[in-house]
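Just passing along the structure, written as structure tokens.
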Amino acid sequence: MRHASAASSPASLYLLGDPSSQPEAIAIMAADPDHLLRGDDAPPTLAILPVRNTVLFPGVVLPVTVTRKKSVRLVRRVYAADKLLGVVAQQSPDADEPSVDELHKVGTLARILKLLEQPDGNITIILQGQVRFSIEEELSYTPQLTARVSYFPETALNPDVPAEFGLLQALREAATKVLELTPEIPMEARAMLDSIQSPAFLTHFLSSNVQLDVAAKQKLLEQPDPVQQAHQLLEALLSQAELLEIKHDIRNKTHTGIDAQQREYFLRQQLKTLQDELGQEGPEQDLGRLRERALTKKWPEAVAKHFAKEMEKLSRSNPMAPDYPVSLNYVEFLLDLPWAEYTKDKFNLKQTKKILDADHFGLEKVKERILEYLAVLKLKQDLKAPILCLYGPPGVGKTSLGRSIATALGRKYVRMSLGGVRDEAEIRGHRKTYVGAMPGRIIAQIKKAGASNPVIILDEIDKVSSDFRGDPSSALLEVLDPEQNATFVDNYLEVEYDLSKVLFIATANSLDTIQPALRDRMEIIDLTGYTQEEKTQIAKKHLWPKQLREHGLGEAEVKITEGALHRVADDYTRESGVRGLERKLAGLARNLARRKASKEELPATVDPAEVRKILGAPIFDRDQYQDNDTAGVVTGLAWTSVGGDILFVESLLSRGRGKLTLSGQLGDVMKESAITALSYLRSRADEIGIDHRLFEQYDLHIHFPEGAVPKDGPSAGIAIFTSIASAYTQRRVRAKLAMTGEITLRGKVLPVGGIKEKLLAARRAGMTDIILCPKNRKDIEEIEADYLQGLTIHYADRVDDVLRVALLEELVPRPQKLPVRDEPMPAAGPSVEVQ
């Protein structure tokens with residue numbers, strides 16, 4: 001048995017039977033049981049001392065350390081007067097200054113036997129319980145808690161009654177047995193127990209020292225019937241003795257000591273008792289808290305059963321086992337997921353259109369697709385979320401468009417960057433058996449969003465790669481399939497999770513690197529580049545105000561003209577998106593911010609002249625794109641990952657033996673296009689007006705400028721053919737003419753892709769005429785009229801049609817024609833050199 005702990009200091013414990021603890025008090029009470037005050041002699045009004053984690057019984061001497069300032073003042077005041085006060089246990093040990101309503105109704109009148117000053121300013125008092133009382137009414141709360149009380153009539157077991165005498169003997173035997181089974185208690189404690197003659201004090205003394213919590217001891221204190229109190233006390237003593245017997249039997253069987261598992265069990269029981277005393281939560285409290293959360297969780301029945309099974313397994317596990325924290329984290333993750341929690345969609349289509357128009361200029365096709373999705377969802381109330389893929393060059397607003405969609409729908413917004421992801425577990429998660437197992441990023445982001453229907457942006461889906469750790473693209477097949485993602489299973493989660501309500505929006509710069517099966521599951525929405533006019537409007541409405549705010553400038557302080565914005569977009573950037581334009585505008589804003597910080601005068605308006613003064617000379621010179629005054633120079637159109645661009649093809653003839661040289665870092669497709677173009681030209685030399693001896697007496701060198709940049713693709717066939725024809729006929733190509741298309745060995749012109757981006761590049765370069773395949777007419781019809789303004793489209797079904805448009809009839813003035821010998825030299829054969 002242990003003595004009750006002090007109210008404020010767990011260190012003030014002493015053992016039953018310690019001769020130094022209370023010998024005089026026990027001797028007095030043993031010799032004269034009537035030494036204590038009775039209710040008739042006690043005051044009807046008491047100052048109340050609240051105590052934590054202990055219960056004082058009549059006749060028992062108890063040390064209490066007092067730390068609360070209010071209680072310290074009360075104790076000093078009482079000790080200087082009659083030394084009597086009421087001791088009542090708190091209902092909750094967390095209450096700092098409890099009122100009467102926060103205390104138990106039954107307490108014990110106590111006399112202060114001694115007061116000891118502590119070095120830290122606290123005091124320790126030695127209390128002796130006198131008589132039990134019941135609080136009737138609170139009289140005051142400050143400066144001290146006082147109450148009107150009524151006292152219990154103190155009755156005790158009568159030894160002359162056989163049944164009560166037997167009950168007393170059973171109490172003594174049970175207490176003696178507990179002492180015998182507890183070797184850490186000195187043998188003198190048994191003699192002290194035998195010396196107690198008063199039945200009332202015996203009951204109270206054992207009640208104070210039995211191993212029970214505060215609530216159980218309070219019930220013993222509140223029991224007015226001594227027989228019932230003795231029965232409850234005997235039950236507690238027998239339970240304690242039984243536990244000690246089990247412990248003693250195990251010790252005797254093992255001889256050498258308790259094995260590790262049993263030792264840990266008993267140590268854990270002791271730890272649990274200490275945690276209860278200190279008010280700390282243990283493993284059982286943690287599991288109980290998780291079960292309470294599960295009662296209010298809305299989730300599928302299969303998940304509820306799985307959770308119950310995991311909790312049962314967890315409750316049987318040893319909290320010190322290595323896998324216990326893993327299992328605990330897993331069940332907490334199950335509870336944290338928003339299984340059936342959805343945000344309410346907004347169905348105001350007009351408001352949605354306003355949000356999309358305010359955030360993004362242009363992109364009408366994308367906005368129309370989002371409005372269609374909302375309209376169907378509004379009518380049907382249940383629609384599997386489509387998988388959209390916004391495809392286009394960098395800087396055109398793909399990622400920011402996803403955020404605007406989330407705002408318009410009223411959904412949570414989550415962005416996932418897939419660039420460089422190589423591990424399949426990033427998508428599907430790790431199995432729990434692995435060290436450091438984690439859920440996949442899809443499930444983790446849904447937990448972060450707190451709803452099961454967020455808008456998730458899968459950024460840079462075209463940059464997902466694979467290695468020995470698996471193929472993330474294949475793992476995405478199930479995620480992005482509307483027919484399968486309702487039953488998506490994460491390896492870590494182990495149960496199905498419904499992803500069908502999630503609106504996935506992927507972004508990509510190129511479709512070629514996306515796995516075909518994955519591309520088939522997505523609806524591709526093409527975001528092409530911006531025209532100079534669109535860039536000017538975007539800069540005016542969005543970019544320039546943003547840069548002024550980020551650089552500490554007010555919109556009213558500095559105005560910028562549309563001409564200046566157009567000059568920045570035209571002379572200092574060459575891109576499909578607006579990132580480079582934003583950087584240049586940031587340069588303007590930084591210069592203005594420096595002037596403001598230096599207290600220099602700011603220009604009232606930023607005009608084109610001010611732009612040149614700040615940014616320097618134009619980076620891009622449009623004149624270089626209009627120089628077709630030399631035969632053999634042709635302007636082609638190409639599509640790159642950053643949008644459309646123009647591509648020069650240069651052909652030059654020199655004295656030789658008919659060798660073909662290709663330079664400019666060409667890929668296999670462009671090499672084959674050059675060989676095909678030359679073969680067809682040689683077969684039609686007579687019809688085009690080329691002396692066949694030229695092919696044997698001159699070497700042909702085809703060069704693509706910017707040799708450090710790799711080039712490949714099926715778009716330069718007709719440009720290469722026109723360049724070769726121009727070199728052999730010495731006819732220059734029409735100025736401001738660009739072309740794109742592939743050729744066959746029969747002279748057919750084939751259609752190509754990326755028409756809109758190529759047309760934008762042509763407009764940026766100042767071109768006025770474009771040659772395309774007739775099958776690209778459908779692409780032209782889908783382009784807004786504003787993009788085609790200032791361009792004339794020529795459709796060529798065969799390369800002969802290309803030459804009619806491209807080559808001028810008059811010869812370029814030159815000193816003389818290419819000289820040709822009457823006797824041809826021996827040809828070197830089909831020699832091709834690539835540099």
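The values are calculated or read from the model by the stated rules, or taken from the named source; none is laboratory data. Note that the structure is predicted; figures quoted are calculated from it, not measured. Methodologically, a virtual Cβ is constructed for each residue, glycine included, from the backbone with ideal geometry; neighbour enumeration extends over all protein chains shown.
Condition check: closer than 30 Å to residue 74 by Cα, surrounded by fewer than 16 Cβ atoms within 10 Å (Cβ to Cβ) and basic (Lys, Arg). Does residue 132 satisfy that?
no
Residue-wise test of (1) free of Cβ contacts under 8 Å to residues at least 60 places away in the same chain; (2) of a type in the set (Gly, Ala, Ser); (3) more than 19 Å from residue 439 (Cβ to Cβ); (4) touching a Leu at 6+ places or on another chain (Cβ under 8 Å).
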site	(1), (2), (3), (4)
318	yes, no, yes, no
335	yes, no, no, yes
342	no, no, yes, no
349	yes, no, yes, yes
357	yes, no, yes, no
369	no, no, yes, yes
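Of the conditions (1) in a loop (DSSP other than H, G, I, E, B); (2) under 29 Å from residue 323 (Cβ atoms), residue 475 satisfies every one except a single condition; which number is it?
Only one criterion in (1) in a loop (DSSP other than H, G, I, E, B); (2) under 29 Å from residue 323 (Cβ atoms) is unmet by residue 475, namely (1).
Say we look at the stretch 481-498 and pick out the residues that are closer than 14 Å to residue 521 by Cβ and in contact with a helix residue (DSSP H, G or I) (Cβ under 7 Å, 6 or more places away or on another chain); which of these is modelled with the highest pLDDT?
Among those that are closer than 14 Å to residue 521 by Cβ and in contact with a helix residue (DSSP H, G or I) (Cβ under 7 Å, 6 or more places away or on another chain), it is 488.
From the list 45, 54, which one is of a type in the set (Ser, Thr, Tyr) and closer than 20 Å to residue 208 by Cα?
Matching residue, one of 45, 54: 54.
Here is a further query. Condition first: touching a residue at least 40 places away in the same chain (Cβ under 8 Å) and over 13 Å from residue 724 (Cβ atoms). Now tell me which residues in the stretch 659-686 satisfy that.
659, 663, 664, 665, 666, 667, 668, 669, 670, 671
Can you find, within the stretch 757-777, the residue that is nearest to residue 805 (Cα to Cα) among those that are at pLDDT below 90 and surrounded by fewer than 22 Cβ atoms within 10 Å (Cβ to Cβ)?
Ranking the qualifying residues of the stretch 757-777, first place goes to 768.
Considering only the stretch 644-664, I want to know if a residue exists there that is at pLDDT below 85, assigned to a loop (DSSP other than H, G, I, E, B) and within 30 Å of residue 577 (Cα to Cα).
Checking the stretch 644-664: at least one residue is at pLDDT below 85, assigned to a loop (DSSP other than H, G, I, E, B) and within 30 Å of residue 577 (Cα to Cα).
Still on this structure, I have one more. With respect to residue 536, is the statement that it is part of a helix (DSSP H, G or I) and under 21 Å from residue 616 (Cβ atoms) true?
Yes.
From the residues in the stretch 779-835 that are modelled with pLDDT under 85 and hydroxyl-bearing (Ser, Thr, Tyr), which one is surrounded by the fewest Cβ atoms within 10 Å (Cβ to Cβ)?
The selected residue is 831.
Quick one: residue 177 ticks every box in (1) touching a helix residue (DSSP H, G or I) at 6+ places or on another chain (Cβ under 7 Å); (2) of a type in the set (D, E, K, R); (3) part of a strand (DSSP E or B) except a single one, so which number is it?
Failed condition: (3).
Which one of these is at pLDDT below 75, exposed (fewer than 14 other Cβ atoms within 10 Å of the Cβ) and either over 30 Å from residue 314 (Cα atoms) or more than 42 Å from the chain's Cα centre (by Cα) (or both): 257, 279?
257
Let me ask something else about it. Filter the stretch 671-704 down to the residues that are closer than 18 Å to residue 738 by Cα and in contact with a Gly (Cβ under 7 Å, 6 or more places away or on another chain), then identify the one that is surrounded by the fewest Cβ atoms within 10 Å (Cβ to Cβ).
703
From 394, 439, which residue is of a type outside the set (Lys, Arg) and within 18 Å of residue 508 (Cβ to Cβ)?
Answer to the check: 394.
Another question, if that's okay. Just give me the residues in the stretch 369-413 being over 30 Å from residue 758 (Cα atoms) and of a type in the set (Ser, Thr, Tyr), in sequence order.
The answer is 373, 407, 413.
Right, another one. For the stretch 293-352, which residues satisfy the criterion of being surrounded by 16 or more Cβ atoms within 10 Å (Cβ to Cβ), modelled with pLDDT under 85 and touching a Ser or Thr at 6+ places or on another chain (Cβ under 6 Å)?
Matches in the stretch 293-352: 314 only.
Just a yes or no: is a residue in the stretch 717-724 over 16 Å from residue 637 (Cβ atoms) and in the same structural domain as residue 673 (by TED's automatic domain parsing)?
Checked the stretch 717-724: at least one residue is over 16 Å from residue 637 (Cβ atoms) and in the same structural domain as residue 673 (by TED's automatic domain parsing).
Which members of the stretch 405-417 meet the condition of being buried (at least 24 other Cβ atoms within 10 Å of the Cβ) and out of contact with any strand residue (DSSP E or B) (no Cβ under 7 Å at 6 or more places or on another chain)?
408
Same structure, new question: So residue 457 passes all but one of these: (1) at pLDDT 85 or above; (2) in a loop (DSSP other than H, G, I, E, B); (3) of a type in the set (Val, Ile, Thr). Which condition number does it fail?
(2)
Per-residue answers, yes or no, for (1) closer than 27 Å to residue 400 by Cα; (2) modelled with pLDDT under 90:
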site	(1), (2)
556	yes, yes
570	yes, yes
576	yes, yes
585	yes, no
588	yes, no
601	no, yes
604	no, yes
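Here's something else I'd like to know. If we scan the stretch 427-446, do we find a residue that is modelled with pLDDT of 85 or more, touching a Phe, Trp or Tyr at 6+ places or on another chain (Cβ under 8 Å) and among the polar types (S, T, N, Q)?
Checked against the condition, which is being modelled with pLDDT of 85 or more, touching a Phe, Trp or Tyr at 6+ places or on another chain (Cβ under 8 Å) and among the polar types (S, T, N, Q), the stretch 427-446 yields no hits at all.
Restricting attention to strands (runs of 3 or more DSSP E) lying wholly within the stretch 56-174, give those where 3 or more residues are touching a residue at least 40 places away in the same chain (Cβ under 8 Å), under 15 Å from residue 204 (Cα atoms) and aliphatic (A, V, I, L, M).
Qualifying strands (runs of 3 or more DSSP E): 106-117.
A follow-up question, please. Taking the criterion of being in the same structural domain as residue 428 (by TED's automatic domain parsing) and in a helix (DSSP H, G or I), would at least one residue in the stretch 491-507 satisfy it?
no
If only one of 157, 202 is surrounded by 15 or more Cβ atoms within 10 Å (Cβ to Cβ), touching a Leu at 6+ places or on another chain (Cβ under 6 Å) and of a type in the set (A, V, I, L, M, F, W, C), which one is it?
157
Answer with yes or no whether residue 541 is within 40 Å of the chain's Cα centre (by Cα), in a helix (DSSP H, G or I) and in contact (Cβ under 8 Å) with a residue 60 or more places away in the chain.
yes
Could you list, in sequence order, all residues of the stretch 687-722 that are assigned to a helix (DSSP H, G or I) and either of a type outside the set (A, V, I, L, M) or without any contact (Cβ under 8 Å) to a residue 60 or more places away in the chain (or both)?
Within the stretch 687-722, 687, 695, 696, 697, 717, 721, 722 qualify.
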